[in-house]
């Protein structure tokens, strides 16, 4: 299992220089990938494009770009530009987001989510691969194209948890990017469905990218309580709540990898055994020393592969 860093915690300060520096450091430390979410006003695709100019080997991925926020033709343009800037190392992770965010923040109507994703891919993927598309869908449409700044398209992955989305991810994309999902859920729900869908479609085995908070500490009880409180919103979202129920936990306070170095390493081994191809840790710590220990533990696993 490949090990990467999920640097989405850096987005709270929107310090572009700090994000780029963290990607450069992650490559030097031997991590295989670095991922950013699109959650605020710092654009994840653009940030990764800039980081790509200062790195040469690390995979750079979005985890994820919400599909409701921009037309697929616009995302194709920015993704192909980033693919060129990174020398072909971009993974474009996209996802539906959640009904409360779509309705309360974007003031859009949440309807036909599966049709929404299928139409989105019908526009996005031909533009990435061929530079042109003629598609009229129920939700997304586009006719046109142009010269592509990158010859090879970036990989596309889909945030998928439910049966239908996992089947789409397996049939149509290079894999799935997970959040709030543990080893039991990967083994019972995620891996069987996405792998079967990819096999039935004659596609290569998909990537299954698991991301969780990681915190190496000698005092795990308050650490878990902090994560549970800080990230409580995820347990209230229906799609994540269903995954927590499969896992048999209340929320991310229970699911996160928290404890000694060995306990965190054992947790990553469980994720690997369940069928994940990649693990990307969100580094937590109450002190700079704990954050350094956490990152060093992730690095230890990464360099041992």
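The values are calculated or read from the model by the stated rules, or taken from the named source; none is laboratory data. Owing to the predicted nature of the structure, the values given are computational and were not obtained by experimental measurement. Backbone-built Cβ (ideal geometry, glycine too); neighbour counts: all protein chains shown.
Collect the residues in region 166-190 that are touching a helix residue (DSSP H, G or I) at 6+ places or on another chain (Cβ under 7 Å), closer than 19 Å to residue 244 by Cβ and surrounded by 19 or more Cβ atoms within 10 Å (Cβ to Cβ), keeping them in residue-number order.
166, 176, 178, 180, 181, 182, 183, 185, 186, 189, 190
Sort through 245, 266 and tell me the only one that's over 16 Å from residue 212 (Cβ atoms) and either assigned to a helix (DSSP H, G or I) or in contact with a strand residue (DSSP E or B) (Cβ under 7 Å, 6 or more places away or on another chain) (or both).
Step by step, each of 245, 266 is checked, and only 245 is over 16 Å from residue 212 (Cβ atoms) and either assigned to a helix (DSSP H, G or I) or in contact with a strand residue (DSSP E or B) (Cβ under 7 Å, 6 or more places away or on another chain) (or both).
Exactly one of these conditions fails for residue 87: (1) modelled with pLDDT of 95 or more; (2) crowded, with 21+ Cβ neighbours inside 10 Å; (3) out of contact with any strand residue (DSSP E or B) (no Cβ under 7 Å at 6 or more places or on another chain). Give me its number.
In the conditions (1) modelled with pLDDT of 95 or more; (2) crowded, with 21+ Cβ neighbours inside 10 Å; (3) out of contact with any strand residue (DSSP E or B) (no Cβ under 7 Å at 6 or more places or on another chain), residue 87 misses (2) alone.
For region 123-155, which residues satisfy the criterion of being under 16 Å from residue 94 (Cβ atoms) and either surrounded by fewer than 21 Cβ atoms within 10 Å (Cβ to Cβ) or out of contact with any helix residue (DSSP H, G or I) (no Cβ under 6 Å at 6 or more places or on another chain) (or both)?
Residues satisfying the conditions are 125, 126, 129, 137, 139, 155.
Sort through 200, 138 and tell me the only one that's more than 18 Å from the chain's Cα centre (by Cα), farther than 30 Å from residue 295 by Cα, free of Cβ contacts under 8 Å to residues at least 60 places away in the same chain and in the same structural domain as residue 264 (by TED's automatic domain parsing).
200
Among the residues of region 48-71 satisfying the criterion of being touching a helix residue (DSSP H, G or I) at 6+ places or on another chain (Cβ under 8 Å) and part of a helix (DSSP H, G or I), which is nearest to residue 175 (Cα to Cα)?
67
Quick test for you: out of 216, 209, pick the one residue that is buried (at least 21 other Cβ atoms within 10 Å of the Cβ) and touching a strand residue (DSSP E or B) at 6+ places or on another chain (Cβ under 6 Å).
209
Run residue 107 past the list (1) part of a loop (DSSP other than H, G, I, E, B); (2) at pLDDT 95 or above and report the number of the one that doesn't hold.
Of the numbered conditions (1) part of a loop (DSSP other than H, G, I, E, B); (2) at pLDDT 95 or above, the odd one out for residue 107 is (2).
May I ask you to list the residues in region 279-290 that are over 12 Å from residue 223 (Cβ atoms) and surrounded by 14 or more Cβ atoms within 10 Å (Cβ to Cβ)?
Within region 279-290, 279, 280, 281, 282, 283 qualify.
Output the residues belonging to region 216-242 that are assigned to a loop (DSSP other than H, G, I, E, B) and more than 19 Å from the chain's Cα centre (by Cα).
Across region 216-242, the qualifying residues are 217, 218, 219.
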